[in-house]
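Below is one structure; the comments refer to it alone.
The values are calculated or read from the model by the stated rules, or taken from the named source; none is laboratory data. Everything numeric here is computed off the predicted structure, so don't read it as measured data. Here the Cβ positions follow ideal geometry from the backbone for every residue, glycine too, while neighbour counts run over all protein chains shown. Heavy atoms of the whole protein, side chains included, go into the accessibility calculation; ligands, DNA and RNA do not. Shrake-Rupley method; radii C 1.70, N 1.55, O 1.52, S 1.80 Å.
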Amino acid sequence: MNKSRSFLGVMTLIVVSLVLGFFVGKFYKSMNPQYKALRLGQNKIDRALEIIMQAYVDTVNVSRLTEGAVERLVSELDPHSSYISAADVPAFREEFEVSFSGIGVQFNMQKDTILIISIVPDGPAEKAGLLPFDRIIEIDDSLVAGKKINQNDIMKMLRGPKNTKVVLGIERTGEKELIDFELTRGDIPNYTVDVAYKVSDKIGYIKVIGFGQSTYSEFLTSIAKLQEQGATGLIIDLRDNTGGLMDAAVNMVNEFLPRNRLIVYMEGQAQPRVDYRSNGKGMWPEIPVIVLINEYSASASEIFSGAIQDNDRGLIVGRRSYGKGLVQANIALPDQSEIKLTIARYYTPSERCIQKDYELGKSEEYNMDIMNRYMHGEFDTADSIKMNDSLAYKTSGGRTVYGGGGIMPDVFVPIDTTAITSYYSRVFSTGVFYQFVLDYSDRNHGKLKSFQTYEELYAYLQHQPILAEFTNFAAIKGIPKRTTLINISRNLLETQLHASIVRNFFDNEGFYPILLKDDETLNKAVSLMEEGKWKPEI
């Protein structure tokens, strides 16, 4: 009996404590001004919607109003928090996935017709027998040629669940009638390493365009390939790489660092500090490394370059990076939409914050930062960048680096605008350049596809009057010839024309070696590497 009473007494005490804790918690929440404001705001929004539904002069779409309210609410936060509608969530997630399901073609619109530019090796399109420069006239018995359907809608029609069927009506040069191809959709790799090749006898170059789920494995494969070819040093190009998954950047940096080196840490109001350190299992702790960055290198690119710089592991060459050091988490809402909410900040090993300054709700001003830098002369000279001494930090070797937004390179290379003329800008902004490349490749593809290597095709193109053909084409499209301006941009235009045409037949393996042959930032990095100056002076 005493045991029963004792047990009952303990249970009673536990229940009373839980109830008391519940009411004490509610009391303190009710006393917190933030919670008071939250409850008042919720009631206010609900009541406003109720009044509109009951009393507004016309019938309204409450779902649309709610979407707009949530979108506006999130827009009042930092520039990188955003609202993602339920319809857009799949496309957002697909950006970082290893693969998506489709047929495996790259295409463009040529005179309102879908022109296949390239075929993904071993993909459904190649297995079915499709060829570059085939034209897609019908998709599942629906006429798509001449309908002015935008590329996003075409992409949705070609993609679909894995193992589903799609029938294409194909127009092929030399065939009088459409050829029907039935394809079974399959996994198409979502590559983020564009190219890996040797820029000199001993130096390998790797272009990383994003950080996704497959980036780390692609990166390892690229390094192994270059080492097999005899490369003993690496140049990693993160220019124009706007970021992606942090884990990919952390895993990549880990390959170059000895054990227990800090790579990055993140911390926020509700997010306790989390450190990411090297595990000592990296395969290349001593290989010479140089990283290229520019004003569009952001987020994961800045994590990578900041870790290399702060650990004095290699040189950073180029221009100051973007300054995006806010950490977002995707939080689902009841209707399957999501809020991409900033929950923390990234900090480099020297404890400097990557994120540049911003004001809440002022995204337009924030987005003008790159233009303001350009107008201020930052792309022309490093001296135009005024460092804040109060934001000075030390690398592991004692070098001074600065916070305040972005990664400042160890070796500054100004932007080269000497060949950029109004003519050059106009042919690109109007799309005429790309139209010509497609048209030229299409008209001459019989000859151009006969070359066995990109070097052979490039040598052939250098002896063709391509610039003259291009300027004639542009004139027909409404861009008059401006001889003086064309001559100023001549070398740049010819290089980009050659590289872009070659790309249609040899993909990035032919495109980048031609495009970057006169690239000042890359050439500077090669010179530093060849001179043995790839490591910071401590």
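Miscellaneous remarks
- When peptides 470-482, 47-59 are sorted by average Cβ neighbour count within 10 Å, with the highest value leading, the order is 470-482, 47-59.
- Take each peptide in 298-305, 63-70, 338-345, count the other Cβ atoms within 10 Å of every residue, and average; sorted highest first, the result is 298-305, 338-345, 63-70.
- Within the range 194-344, percent of DSSP bridges classed antiparallel, to nearest 5: 50
- For the listed residue pairs 156/517; 198/447; 148/362; 198/356; 362/535, the alpha carbons are over 30 angstrom apart in 156/517; 148/362; 198/356; 362/535.
- Remark on residue 263: its backbone amide H falls under 5 Å from those of 276, 277, 278, a criterion applied only to residues 5 or more positions apart or on other chains, H modelled at 1.01 Å from N.
- Percent antiparallel among DSSP beta bridges (both partners in the chain, rounded to 5): 75
- On the beta carbon distance between residue 140 and residue 364, with R0 = 35 Å, the FRET formula returns roughly 0.25.
- Alpha carbon centroid spacing (whole Å) that separates the range 426-449 from the range 495-512: 11
- Enclosed volume per residue, in Å³, of the convex hull spanned by Cα atoms of the range 59-145: 186
- Cα gyration tensor, the range 281-395 - rounded (a/c under 1.5), prolate or oblate: oblate
- The fraction of accessible area contributed by carbon and sulfur in the range 397-538 is 49 percent, rounded to a whole number (1.4 Å probe; ligands and nucleic acids excluded).
- Helix-only mean residue ellipticity at 222 nm for the chain, each DSSP H run of n ≥ 4 adding -39500 (n - 2.57), per residue, nearest 500: -12500 deg cm²/dmol
- Taken as entire DSSP H runs, the helices of the chain that both span 18 Å or more between Cα atoms along their own long axis and average 0.5 or more on the Kyte-Doolittle scale are 2-31.
- Using only side-chain charges placed at the Cβ, +1 for Lys and Arg and -1 for Asp and Glu, the dipole size of the range 182-271 relative to its Cα centre rounds to 300 debye.
- For the chain: accessible area per residue (Å², 1.4 Å): 54
- Value of Rg/Rh across the range 384-538 [Cα atoms, Kirkwood radius]: 1.11
- Heavy-atom accessible area for residue 380, with the other protein chains in place and a 1.4 Å probe, reaches approximately 90 Å².
- Qualifying trypsin sites (Lys or Arg not before Pro) in the range 105-143, where qualification requires a DSSP coil assignment and no more than 16 other C-beta atoms within 10 Å, comprise 111.
- Most tightly packed first, judged by the mean number of other beta-carbon atoms within 10 Å of their residues, the peptides 490-496, 463-469 read 490-496, 463-469.
- What you get for the chain, charging only the Cβ of Lys and Arg (+1) and of Asp and Glu (-1), is a dipole of about 1460 debye around the Cα centre.
- Entry for Cα extents along the principal axes in Å (calculated from the structure that is shown) out of (i) 81, 61, 40; (ii) 75, 65, 47; (iii) 101, 67, 51: (iii)
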